[in-house]
Every structure is written in C-alpha cells, then in structure tokens.
Amino acid sequence: MKRSKHSLWAVWMSLLFGLGCGSESEFWLWPELPEDTQSILVGVEDGLVVVLRALRYPRDSATELGPTSGAVTIFAYPESLEARGLTEGAVARGAPADCWSRPLAPGATMFERALGEDAWSQRSAVRAPYDTFLALSDCPCPRFEETETHSFAFPGGSRARLARLQDELYWLSNPGSVRWVDIEAPLSEGTPIEPNFFHLSPEDTFVDETGVAWATLAEVVYMVDLETGQVRTSTQMAQRASGIHGAYVEGSLQLFMAADGGRVFRFHRGVWSEIRYDATGVFPDSEQNGGALWIGPGRGLIAVQDARALLAIAPEVEPRVIDREGLLAVSAMALATDGLVYLGSRSGEFATVDGTELRRVRQFGNSAFGSGVVRRLFPLGDRLGFAVRTAALGEVVPGAGVCPAHLAEGFQEVFDAVGDETQTILVGQDSEGKLRVARYARSFD
C-alpha cells in the first residue's frame with residue numbers, strides 16, 4: 001500500500017479510537033478475515049477502558065489498522081451492520097434486560113493481537129472484558145396507546161380468560177359468563193352467552209380451530225362451543241387441572257394438560273391418557289399453574305413441581321425433566337418463529353428453550369416491571385407480546401431482548417391478553433372489583 005493511504009488510515013483510526021500515537025503505539029495490518037465478512041466490531045483496550053466500534057467491511061482503504069496503544073480484538077460477522085441492528089461508530093454497552101442487547105461472540109469469527117505481538121491469533125472463546133460485554137443496538141420498541149376501555153360488573157367477583165378465534169374475541173369469566181365481540185368492534189358491544197357453568201375461575205383455555213374452547217376449572221375439563229354456548233364435560237379427574245394447549249394434526253386434535261401433583265395428561269384421537277415419567281424430586285402435593293405448550297406432533301412442554309421444572313415430551317422417547325439452570329417458576333410459555341420456546345416466570349423473568357432438542361434453558365432478561373407474574377405470552381408476528389399481572393404489557397423480541405413494559409393504567413390486576421401486529425387487548429380487574437377490558441393500539445411512531 002502507498003504511504004499516503006497508510007498515513008490517512010492511521011490518522012482515521014487515531015481519531016476513531018481517540019488514542020494517541022505515543023512511543024508504544026503500533027501500526028498493524030488487518031488479519032485475513034473470512035471471505036463472507038460484511039461487518040466487524042473492533043475492540044481496543046487501553047488500561048481498564050474498552051472502546052468498541054462497528055465498521056462495514058470490506059473498506060476501500062482499510063488494509064491496515066493503527067495506531068493503537070493496547071490489545072485489539074476483532075469480531076467478524078457474515079451479516080451486515082443493519083442486520084445486526086448497528087450503525088457505523090461507537091457501540092453502546094447494554095444491560096441484560098435491554099432490547100436489543102446481545103453478546104458479541106455468537107456468529108462471529110474472532111481475532112486478537114496484543115501490543116508487542118507479531119501476528120494475529122484466532123480465538124474460539126471470548127475472554128474478559130468481552131465475555132460480559134453486551135452490545136446495545138437498534139431494536140425498535142412499540143408505543144402502546146389505550147384507545148378503549150370498558151368495565152363489566154359481575155356479582156361475586158370476576159376472573160376471566162381471553163380466547164381469539166379468527167376475527168372474534170371471547171372472554172370467559174366467572175360466575176357463568178361467556179361474551180364475544182368482533183375483534184374490531186367496540187368492546188362494550190360484547191354479546192353475552194350464558195352457559196352458566198363457570199362456578200370457579202378458569203385456570204386456562206385453549207380454542208381449537210373448530211371454535212371449541214377447552215377450559216380447565218377445578219378438576220374438570222369443559223368443552224364450550226363458542227358459537228352456541230353449549231357446554232360439555234370432556235373429562236373429570238381427582239386433581240385440579242391447570243394449563244392446556246394443543247393443535248389439530250392430520251384431522252385429529254392433540255392436547256397436553258397439566259394437573260396438580262405433577263400429573264400430566266394427553267388427549268389424542270378422542271381419548272385422555274396420563275403420561276408417566278420419572279417424577280423423582282417432583283412433590284406429590286405440588287400445584288401447577290405453569291401451563292402446557294404443544295410444540296409439534298407428539299411434542300410438548302409441561303411445567304411441573306410448582307412450575308419450577310419443565311417436562312419435555314417427544315415421540316418415541318421417555319418424557320424427561322430438563323435442566324432449568326436456576327429459572328424461577330414458569331407462568332407462561334409460547335413458541336416463537338425462531339424455533340425457540342419462550343418462558344415467562346412468576347417473578348417477571350424470561351428464558352428460552354430450544355424447540356427442537358428441548359434441553360437447554362437460558363435466561364435472557366426480565367419485564368423490567370417489578371416482580372410481577374408474566375400472565376401470558378402470545379405471538380405478534382416475529383415477536384411475542386406479554387402481559388404482567390401487576391398491570392403492564394410489553395414485547396419480547398426473539399434473539400434480541402425485552403422491550404420496556406408499558407403501564408396499563410386502571411387495572412388492579414391483569415388476568416390475560418391477546419393481540420396482533422396492530423393491537424393488544426387486556427382483561428383484568430379494576431380497583432372496584434369489576435371486570436375490565438381494554439384495547440391498546442400498537443405503533444412505532
């Protein structure tokens with residue numbers, strides 16, 4: 001390279017990193033980066049200070065690196081800066097709960113060179129201080145605006161679950177009420193259906209594609225035809241039922257259901273059966289409340305042992321309790337488009353489980369809203385919405401983090417939530433004990 005380019009590049013890097021050209025500074029050539037490299041992060045250590053910059057690659061005149069007075073680490077990525085949510089320049093340091101806050105290593109080829117060394121070395125493990133560095137990049141979080149709210153007075157208290165079937169919204173509450181409304185219509189126009197069977201609060205509901213809501217209440221699983229209000233009993237058991245979830249597979253409905261005492265049930269080809277597993281360490285008197293999640297044909301996750309452990313179910317293998325790695329009690333689960341199962345806990349924390357192997361649980365953030373129970377996780381395109389019992393709603397961005405929670409004013413407690421890419425609807429209780437339903441418009445303005 002001509003000396004003029006060398007000098008210009010040296011001056012540019014000096015300004016970029018804010019480091020002087022003292023006696024210990026060196027000019028370094030770039031390492032030989034992978035051919036598919038589209039972006040790089042360059043980290044320079046100067047004592048206790050770490051300066052990290054994002055750069056596009058290849059660069060017109062970037063065949064040399066310098067000057068610098070400390071060790072340099074380069075993270076080379078096959079994705080563009082835009083794909084990683086970054087722009088050229090300084091990279092801010094994030095916290096675990098920030099969105100978008102990601103570790104540096106995943107997907108990167110790493111190179112390192114210390115001051116005084118003659119060559120770059122390629123590394124497979126990230127060392128300090130980069131092992132704890134979380135790059136905070138651009139992750140658009142939505143704005144929620146309450147556009148409608150309505151309260152319903154029910155004698156004897158009120159609890160409710162929401163169910164959505166195509167363009168219709170249903171809320172099932174006690175005592176003895178089902179209401180429905182077109183998803184775009186005013187919530188106040190909800191039409192009551194009176195099956196008069198909800199004597200207790202629904203623990204969970206699942207609506208199949210035929211318009212039947214499967215509701216768990218006490219020791220009974222009810223089937224509610226949402227069009228007619230007709231109610232049938234599907235099964236009755238000795239333990240209290242809680243989470244229920246499923247899907248149709250080749251014309252046959254598959255369901256998984258959790259019950260107290262660590263018991264787990266499967267509904268397949270019209271028949272309920274208990275799933276036996278090694279329950280060592282599962283308390284026989286434990287409550288569930290953590291829910292069940294159908295992942296694919298014959299595959300599911302069930303929260304057991306006071307929802308503090310996860311039972312993985314897959315075809316032709318023995319069900320097993322997978323390692324939680326310290327996750328607190330699970331209160332909500334959902335399958336995201338990235339193939340991971342996302343978990344919400346009773347203390348507002350989030351974690352993921354690989355949806356294929358069903359083995360590893362990783363914590364990655366929290367709702368940043370006290371220690372409220374995550375009551376519901378639900379799909380929002382390539383994201384997940386969540387509702388927190390202590391009157392909040394927000395979003396999880398798979399692979400990125402958790403957006404700050406939005407306060408749902410007027411709610412004393414949130415019971416459930418549904419949503420899509422334009423809106424989120426909450427149901428809960430207000431300070432007067434009335435059933436409260438509210439709609440929030442979702443935007444990125």
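The values are calculated or read from the model by the stated rules, or taken from the named source; none is laboratory data. These numbers come from a predicted model, not from an experiment. Positions of Cβ are backbone-derived with ideal geometry, glycine not excepted, and every protein chain shown enters the neighbour counts.
Residue by residue, here is whether (1) surrounded by 15 or more Cβ atoms within 10 Å (Cβ to Cβ); (2) modelled with pLDDT under 80 holds:
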{"site": "VAL282", "(1), (2)": "yes, yes"}
{"site": "ASP285", "(1), (2)": "no, yes"}
{"site": "ILE295", "(1), (2)": "yes, no"}
{"site": "GLN305", "(1), (2)": "yes, yes"}
{"site": "VAL317", "(1), (2)": "no, no"}
{"site": "SER331", "(1), (2)": "yes, no"}
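Looking at segment 417-432 only, could you name the residues that are among the acidic types (Asp, Glu) and either under 18 Å from ALA185 (Cβ atoms) or surrounded by 23 or more Cβ atoms within 10 Å (Cβ to Cβ) (or both)?
ASP420
Being buried (at least 21 other Cβ atoms within 10 Å of the Cβ), touching a helix residue (DSSP H, G or I) at 6+ places or on another chain (Cβ under 9 Å), modelled with pLDDT of 70 or more and hydrophobic (A, V, I, L, M, F, W, C) is true for just one of ALA215, ALA241, ALA160, ALA259. Which residue is that?
Residue meeting the stated conditions: ALA241.
May I ask you to verify whether GLY410 is modelled with pLDDT of 90 or more, on the phi > 0 side of the Ramachandran plot and surrounded by fewer than 24 Cβ atoms within 10 Å (Cβ to Cβ)?
In short, yes.
So that you can scan it fast, the table gives a plain yes or no per residue for (1) out of contact with any Asp or Glu (no Cβ under 9 Å at 6 or more places or on another chain); (2) at pLDDT 75 or above; (3) surrounded by fewer than 16 Cβ atoms within 10 Å (Cβ to Cβ); (4) part of a strand (DSSP E or B):
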{"position": "ALA119", "(1), (2), (3), (4)": "yes, yes, yes, no"}
{"position": "VAL126", "(1), (2), (3), (4)": "yes, yes, no, no"}
{"position": "ALA135", "(1), (2), (3), (4)": "yes, yes, no, yes"}
{"position": "SER151", "(1), (2), (3), (4)": "no, yes, no, yes"}
{"position": "PRO155", "(1), (2), (3), (4)": "yes, no, yes, no"}
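Would you mention how many residues in segment 173-191 are at pLDDT below 70 and in contact with a strand residue (DSSP E or B) (Cβ under 7 Å, 6 or more places away or on another chain)?
The number of residues fulfilling the criteria is 6.
Has segment 59-75 got at least one residue that is closer than 23 Å to PHE133 by Cα and at pLDDT below 50?
No, because not a single residue in segment 59-75 is closer than 23 Å to PHE133 by Cα and at pLDDT below 50.
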